[in-house]
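To keep things clear, I will list the structure first and then write my remarks on it.
FYI, it's all coordinate maths here, none of it is from the lab. This one's a predicted model, so the numbers in the text were calculated from it and none came from an experiment. So basically every Cβ, Gly included, is an ideal-geometry build from the backbone, and we count neighbours across all protein chains shown.
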Amino acid sequence: MTIIHHQIIECFLFALGAAVGSFLNVCVHRLPARLSVFHPPSRCPGCQKRIACRDNVPILGWLALRGRCRSCRMPISSRYPAVELLTGLFFAAVYWLQIARPAIDVLDGGLLRHATLVGATQLLGCMLLTLTLIRLDSTVSPGKLKPMNIPPRDG
Ligand SMILES: [Zn+2]
């Protein structure tokens, strides 16, 4: 594979990681409350309007809305795009460190082994990030930090 192939894969993995980060935001918000992470779709807690698909695009949706609900202009925590960005960078970085940088030869059988390692590392990183944010939310007093009074952006 050439460097351009690796860069294309890294871009794809960044986008995939950002989407996974969006889902992690939902998990962080809903799991401690024992709510489903799949239903109901995300709504603004201010105006109760469902969040449109175009506003749910990781990172870009938040930027396009300038961090506010499209309907009622209620602020949306910057933690949502931050988690999406971090997860996207993490996915791309793990690929780069495990496959692109060492220039794994696809034909030598090492790709599957390294791809498995990349996937396992990404999964572990996502679990650690989710648990860390849940723990942070449960230990910070509501008056000091108010990140989760904002709608989850899961579609
Ligand atoms: Zn709203």
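What does the C-alpha gyration tensor say about the overall shape of the stretch 19-90? Classify as rounded when a/c is under 1.5, otherwise prolate if a/b is larger than b/c, or oblate. Note, shape of the stretch 19-90 comes out oblate.
Just order 81-91, 1-11, 44-54 by mean Cβ neighbour count inside 10 Å, highest at the front, would you?
81-91, 44-54, 1-11
Taking amide H as placed 1.01 Å from N in the peptide plane, R68 has its amide H under 5 Å from the amide H of I76, each at least 5 places away in sequence or on another chain. Summarising the label geometry, the points placed 7 Å from Cα in the beta-carbon direction at R34 and T132 lie 2.9 nm from one another.
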